[in-house]
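The values are calculated or read from the model by the stated rules, or taken from the named source; none is laboratory data. The structure displayed is predicted, hence computed values, not measured ones. Cβ placement follows ideal geometry from the backbone for every residue including glycine, while neighbour counts extend to all protein chains displayed.
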Amino acid sequence: MQDTLNRSQDPDTHTEEDLSGSAAAHKIADLVKAGSSCFFCTLGLGSQLHARPMTVIEVEEDSGQLWFFTEVDSVKNIELDRDSRVTLFFKEGDHGSHLRLEGTATEVTDKATIHRLWKPTLRAWFTEGENDPRISLLRVDPVSGEYWDNKHGAAIAGMKMLFGAIVGKRVDEGVHGKLAL
């Protein structure tokens with residue numbers, strides 16, 4: 001797939017920036033840092049959206065794949081056995097980035113991958129360490145998404161919003177775009 005970047009500018013609101021291929025994967029990696037939390041949504045019984053907070057252990061720069069630790073027998077794993085489609089929602093602070101990703105999740109129990117991604121803080125959930133028999137990984141392969149990103153960082157975005165409120169003028173809202181992998 002050819003990587004693309006399409007931009008349009010409306011000076012009163014925001015920039016549109018649609019990305020595909022590796023450009024989209026790099027944007028995902030930029031917006032989702034390891035340690036970022038998201039709402040990890042699966043389809044529950046009756047096709048209702050079931051959301052729970054989860055933390056990204058690793059995001060792969062070239063593919064946009066995201067890795068999560070979970071329990072082998074968790075409700076989410078049971079739901080993913082029926083339907084592997086997921087939606088992830090990320091938000092970085094009050095004036096930071098927002099990201100919605102659509103993709104599929106695959107359960108991985110490979111010991112070498114678990115070892116590579118293991119962090120000591122995970123003992124809070126997996127008390128037997130990286131050899132805990134309850135450990136399962138979820139690899140999310142994003143297919144598409146949408147993001148809203150400020151152009152200058154959360155602190156400057158907050159100051160611009162405050163300035164806009166004081167003078168009663170709409171300020172630059174940042175960058176909005178769609179992602180296709």
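Taking Ile166 as meeting all but one of (1) exposed (fewer than 12 other Cβ atoms within 10 Å of the Cβ); (2) in a loop (DSSP other than H, G, I, E, B); (3) modelled with pLDDT under 95, write down the number of the exception.
Of (1) exposed (fewer than 12 other Cβ atoms within 10 Å of the Cβ); (2) in a loop (DSSP other than H, G, I, E, B); (3) modelled with pLDDT under 95, only one is false for Ile166: (2).
Checking the structure you have, find out if any residue of region 48-63 is modelled with pLDDT under 95, farther than 26 Å from Gly174 by Cα and more than 18 Å from the chain's Cα centre (by Cα).
yes
Looking at region 29-44 only, could you name the residues that are more than 9 Å from the chain's Cα centre (by Cα) and over 24 Å from Ile78 (Cα atoms)?
Asp30, Ala34, Gly35
It is to be established whether one or more residues within region 73-88 are of a type in the set (Ser, Thr, Tyr), under 11 Å from Val32 (Cα atoms) and either without any contact (Cβ under 8 Å) to a residue 60 or more places away in the chain or surrounded by 15 or more Cβ atoms within 10 Å (Cβ to Cβ) (or both).
The first filter runs over region 73-88 and keeps only residues of a type in the set (Ser, Thr, Tyr), leaving 74, 84, 87.
Subset that is under 11 Å from Val32 (Cα atoms): none.
Within region 73-88 (the criterion being of a type in the set (Ser, Thr, Tyr), under 11 Å from Val32 (Cα atoms) and either without any contact (Cβ under 8 Å) to a residue 60 or more places away in the chain or surrounded by 15 or more Cβ atoms within 10 Å (Cβ to Cβ) (or both)), the answer is no, since none of the residues qualifies.
Regarding Leu5, is this residue under 16 Å from Ser144 (Cα atoms) and at pLDDT below 95? Give the derivation first.
On the way: under 16 Å from Ser144 (Cα atoms): yes; at pLDDT below 95: yes.
Yes: the conditions hold for Leu5.
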